[in-house]
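To keep things clear, I will list the structure first and then write my remarks on it.
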Amino acid sequence: MPLLTSADYNRIRRALSVSLNAVTLPDEVIEDPSFLPAALKWVEAEAPGSASDHAKSAAVFYAAALLAPSMTGMISAAEAAVAGGAGRIVDPAKLRAELLARSDTELRLIESEGDVNESAVQRPTMFSRAKGRRGY
């Protein structure tokens, strides 16, 4: 089963802008080999075999980062249509850097999941037998 399906494409759109939809950013654009397949290959190279929610989020943010430079005009136009006026000016470099940072954060969370001691998570250590006596 693939890491992301067409049901996840709205997450990619929302990572870029909440005003994007399937009309303003079609599935065919997301599926272009330069975007989603490249993001999936990158996540697979960074976290092989991982299918966790963090891996999915990393792929979503990385695909959005790849799309960001070509979508800045579309994002501004979509936001202007929703707001009924002038949309915000989108800085493609800043948006791309922000999305790449979020993707890297998700990958670090995948790596840290493997370091958790399962028995320590399941059994709290706040109750233990006291050592010594009661002060006398």
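Things to note:
- Extreme residue, nearest to the chain's Cα centre (by Cα), among residues of the stretch 8-34 that are among the β-branched types (Val, Ile, Thr) and surrounded by 14 or more Cβ atoms within 10 Å (Cβ to Cβ): Ile12
Here's the yes/no breakdown for (1) modelled with pLDDT of 70 or more; (2) hydroxyl-bearing (Ser, Thr, Tyr):
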residue	(1), (2)
Val43	yes, no
Tyr62	yes, yes
Ser70	yes, yes
Gly73	no, no
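- Restricting attention to the stretch 23-64 and to residues that are out of contact with any helix residue (DSSP H, G or I) (no Cβ under 8 Å at 6 or more places or on another chain) and aliphatic (A, V, I, L, M), the residue that is farthest from Asn10 (Cα to Cα) turns out to be Ala45.
The values are calculated or read from the model by the stated rules, or taken from the named source; none is laboratory data. Being a predicted model, the structure only gives us computed values, none of them experimental. Every residue, glycine as well, gets a Cβ built from its backbone with ideal geometry; the counts of neighbours run over all protein chains shown.
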